Amino acid sequence: MNLKPWMAAAFVGMAGVAIAQDDSTLSIDGEDFVTETAAPAHVENLSTIYSGWRFRTPETQALQEDDFDNPAMIFVDQGMDLFNAVDGAEGKSCASCHKGGPEEFVGLHATMPKVVDGKLIVMEDLINTHRVEVMGAEPWKWSGADMQAMVALIGLQSRGMPMEVAIDGEAAPFWEKGKEIYYTRYGQLELSCSNCHEDNYGNMIRADHLSQGMINGFPTYRLKQAKLISRHNRFRGCIRDTRAETFAEGSDEFKALELYVASRANGLDVETPAVRQ
Amino acid sequence: MASGVKPRVKVPKTASAGDTVTIKTLISHKMESGQRKDDDGNIIPRSIINRFTADFNGQNVIDVTLEPAISTNPYFQFEAIVPESGEFQFTWYDDDGDVYEETKKIEVS
Amino acid sequence: MELTRRKLLALGSGAMALSSLTGLPAFASMMDDAIAKLTGGADLGEGAVTITAPEIAENGNTVPIEVSAPGAVAITVYADGNPVPNVATFKFGPLAASRSASTRIRLATTQNVVAIAQMEDGSFQKASANVKVTIGGCGG
């Protein structure tokens, strides 16, 4: 694992009380979710992958098990209002073209990010491209409330479907770049994503119970910020906590990392919008 | 903060007379506590929902006083008796004088 | 506000200076004062009111609690470690099926959450629950 001695101490310091993922089954309104499955072949260092839900306390878990109790759903409602709201020079809403409603996007979220015309595209790109080019509207801020409400609304359409992100063909070079970032140590603490989420999942880092860092529930309602948190916002937070200069939200680096991290969850069900601490 | 406030209410559509029904409510609201400071060290003024009421056909079910210690996006769950068919009225009162309302009908057999 | 470590330390030393001056945990006595104001100093019984809260809260910003007191006209909730101890008051109307309610609250630190129920006969009942609020490595 090659950690500095003090780091190892930080991770195992609470090992006596640390418990790994629990055995609970995530069930939302009667539908069971896959929160544990064999790791995909391209995740060499894990044998089993687990949803972050399995690492949370029963109280936090319960918030995701009922769509009314899940506070993220008020933002999904707002996303629905936005879907129908006319915006921009062309006088169109999302619904003007997507007459089938958000249901047109069933399954899309489970396969994102993906490469289109040689470019790696994440959901936020797709939304803003359509806003600017089709609606003549201003692009939304990456982690803004409107954008993440829309990402959550579209993501919800794939809830319960297994993550199935392509890593081969045109995606391969982006995926390799994301993998390199995942295993690179950043910041004054010299920590890579893998140091916490691969080598030490299930352990405590101070009072935090480390998960495998799966993103199959994003955007996720974080109790800390009490709002929907984007994938890139969470990446930024993690890298910032290593005391590093972080990449920007929407940067090529974070898009590549998103592809790689999303692919590590292949086989887990989409939980969007999840609830985490 | 009148913008972006959206209530959600869960009430069963039907019940038998005299039944107990469970009600859940959630409203999007920052609940700015008045305890926080901005980057310049100035206190961010308090801005919360300070009262929530639920009534059924004009009779009160619950009347809640909220303090800044209630979490962002206030959530309540409680139980009501429904003597006859009618309408629940839910009302949230904002510090800034705004009032947010939601109604739900229930069919009692 | 982004609470940096430095600001937290400054906050902590300020609080310590305050408590060493007064010799009292300031927030707890604020709660006692608030309860005395509600009850008029009446005796507090126990057993008729219950409070349900997690032993450990994963994040102090959103802590689910439930209070219940059959025969109560109102239940007031306090948190003795918050800068303002009052949390909420639930008054039950004629169509309340039970004298119970759930909500989600903010706890600034590990502390006691206290429920005071005002009963139909005018007496008061008390229950409390200790909630440990964790300061996370990254999540907290």
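No lab work stands behind these numbers, since they all come straight from the coordinates. Keep in mind it's a predicted model, so treat the numbers as computed, not measured. No Cβ is skipped: glycine too gets one built from the backbone with ideal geometry, and neighbour counts run over all protein chains shown.
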Legend entry - Part-to-part distance (alpha-carbon centres) for the stretch A:209-277 and the stretch B:34-109, which is given in Å: 32
Legend entry - Under 12 Å from the Cα of A:Lys179 - aspartates and glutamates, other chains or at least 8 residues apart: A:Glu44, A:Glu253, A:Glu258
Inset, instruction - Using a 10 Å cut-off on Cβ to Cβ distances, tally the other chain neighbours for every residue of C:102-113 and report the average as a whole number. - result: 5
Legend entry - Prolate/oblate/rounded label for the stretch B:6-108 (Cα gyration tensor, a/c 1.5): prolate
Inset, instruction - Please give the net charge around C:Ser128, taking every other residue with its beta carbon less than 15 angstrom from that of C:Ser128, where Lys and Arg add +1 and Asp and Glu add -1. - result: -3
Inset, instruction - Note down the magnitude of the dipole of chain A about its Cα centre, charges +1 on Lys and Arg C-beta and -1 on Asp and Glu C-beta and zero elsewhere, to the nearest 20 debye. - result: 940
Legend entry - Proximal lysines relative to C:Lys132, as straight alpha-carbon distance under 18 Å, when same-chain residues fewer than 8 apart are discounted: A:Lys224
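What dipole magnitude, in Debye to the nearest 20, does chain B give about its Cα centre under +1 on Lys/Arg Cβ and -1 on Asp/Glu Cβ? Spell out each step's value before the answer.
Details: 12 positive and 18 negative charges, 75 e Å.
Dipole about the Cα centre, nearest 20: 360 debye.
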Inset, instruction - Decide, for the stretch C:21-87, between rounded, prolate and oblate: order the square roots of the alpha carbon gyration tensor eigenvalues as a ≥ b ≥ c, take rounded if a/c falls under 1.5, and otherwise choose prolate if a/b is larger than b/c, else oblate. - result: oblate
Inset, instruction - Determine the sum of side-chain charges near C:Ala69: Lys and Arg each +1, Asp and Glu each -1, restricted to other residues whose C-beta is under 14 angstrom from that of C:Ala69. - result: -2
Legend entry - Estimated dipole of the protein assembly as shown in Debye, rounded to 20 [Cβ of Lys and Arg +1, of Asp and Glu -1, Cα centre]: 1240
Inset, instruction - May I ask which residue of A:Phe75, A:Ile127, A:Cys196 lies farthest towards the positive end of the charge dipole of chain A, with charges of +1 (Lys, Arg) and -1 (Asp, Glu) on Cβ and the Cα centre as origin? - result: A:Cys196
Legend entry - the stretch C:38-73 versus the stretch C:89-140: alpha-carbon centroid distance in Å: 4
Legend entry - Listed residues B:Asp95, B:Asp55, B:Asp38, most fluctuating in chain B (Gaussian network, C-alpha, under 10 Å): B:Asp38
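Greater than 27 Å separation of Cα atoms is the criterion. Which listed pairs, B:Lys10/C:Lys91; A:Lys227/B:Lys37; B:Lys105/C:Lys91; A:Lys255/B:Lys30, meet it?
A:Lys255/B:Lys30
Can you put A:His98, B:His29 in order, fewest other beta carbons within 10 Å first?
On the way: A:His98 14, B:His29 24.
By the 10 Å Cβ count, ascending: A:His98, B:His29.
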Legend entry - 3J(HN,Hα) from dihedral phi, the stretch A:57-71, Karplus parametrisation 6.51/-1.76/1.60, rounded to Hz, x for glycine, proline: 6, x, 5, 5, 4, 4, 4, 8, 8, 9, 5, 7, 5, 6, x
Legend entry - Those lysines that a straight Cα-Cα span of less than 27 Å connects to A:Lys92, excepting residues fewer than 8 apart in one chain: A:Lys114, A:Lys119, A:Lys141, B:Lys6
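Which order do B:Glu32, A:Glu245, A:Glu258, A:Glu138 fall in if you start with the one that has the fewest other Cβ atoms within 10 Å? Please report the intermediate quantities before stating the final value.
Details: B:Glu32 16, A:Glu245 8, A:Glu258 25, A:Glu138 11.
Least to most surrounded, the residues fall as A:Glu245, A:Glu138, B:Glu32, A:Glu258.
Around A:Phe75, with a cut-off of 11 angstrom between Cβ atoms, what is the net charge of the other residues, counting Lys and Arg +1 and Asp and Glu -1? Spell out each step's value before the answer.
Working: positive: A:Lys227, B:Lys6, B:Arg8; negative: A:Asp77, A:Asp81, A:Asp146.
Net local charge, A:Phe75 excluded: 0.
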Inset, instruction - Just report the Cα centroid separation between the stretch A:142-192 and the stretch B:19-33, whole Å. - result: 33
